[in-house]
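As structure tokens, the structure follows; a few thoughts come after it.
The values are calculated or read from the model by the stated rules, or taken from the named source; none is laboratory data. It should be emphasised that the depicted structure is a prediction, and the values quoted were computed from it without experimental measurement. All Cβ positions, even for glycine, are placed from backbone atoms using ideal geometry, and neighbour counts span all protein chains on display.
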Amino acid sequence: MIRIIYSWKVEPEKLETFIETWKKTTNKIHEEVEGARGSFMLQHEKDSTEIKTVAKWDSLQDWEEFWHEGNHSQMGKMHDLGKRISVEIFKEIEDFTK
């Protein structure tokens, strides 16, 4: 398993729409794309414009195929609402969340 951490900057007036768009986008990707396991969203406690979305994938290969096959265009509306600052890839070692 891997986790992809996307960092976003979203202006306050666009935040609600960004969240709704992310919900639809992440659920669609999870349902339609091989290896996608869904994601969660975090908001910085002191800077509400700082958002992180953390996606779980079966493998780096699955995520790379998602990007190379053009499926990432599903995220286009999110890019219209917020500025993606970075993308980081981490290998999941253990997960004891329930």
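Starting from the stretch 83-98, take each residue that is in contact (Cβ under 8 Å) with a residue 40 or more places away in the chain and closer than 20 Å to Ser59 by Cβ and list its partners that are aliphatic (A, V, I, L, M) and assigned to a loop (DSSP other than H, G, I, E, B), counting only C-beta distances under 7 angstrom and pairs at least six apart or across chains.
Glu92/Met1
So, in the stretch 49-98, how many residues would count as being closer than 20 Å to Glu13 by Cβ and hydrophobic (A, V, I, L, M, F, W, C)?
Within the stretch 49-98, residues that are closer than 20 Å to Glu13 by Cβ and hydrophobic (A, V, I, L, M, F, W, C) number 4.
What residue, among those in the stretch 5-18 that are in contact with a strand residue (DSSP E or B) (Cβ under 7 Å, 6 or more places away or on another chain) and aliphatic (A, V, I, L, M), is farthest from Asp47 (Cα to Cα)?
Applying the filter and picking the extreme gives Ile5.
Residues His44, His72, His68, His30: which one is of a type outside the set (Gly, Ala, Ser) and modelled with pLDDT of 95 or more? Working first, answer last.
On the way: His72 fails: modelled with pLDDT of 95 or more; His68 fails: modelled with pLDDT of 95 or more; His30 fails: modelled with pLDDT of 95 or more.
Going through His44, His72, His68, His30 in turn, the sole match is His44.
Got a sec? Which of Leu42, Leu60 is free of Cβ contacts under 8 Å to residues at least 60 places away in the same chain, touching a Lys or Arg at 6+ places or on another chain (Cβ under 6 Å) and not aromatic (Phe, Trp, Tyr)? Full working, then the answer.
Working: Leu60 fails: touching a Lys or Arg at 6+ places or on another chain (Cβ under 6 Å).
Unique residue meeting the criteria: Leu42.
Considering only the stretch 19-59, state which residues are of a type in the set (A, V, I, L, M) and touching a strand residue (DSSP E or B) at 6+ places or on another chain (Cβ under 8 Å).
Ile19, Ile29, Ala36, Met41, Leu42, Ile51, Val54, Ala55
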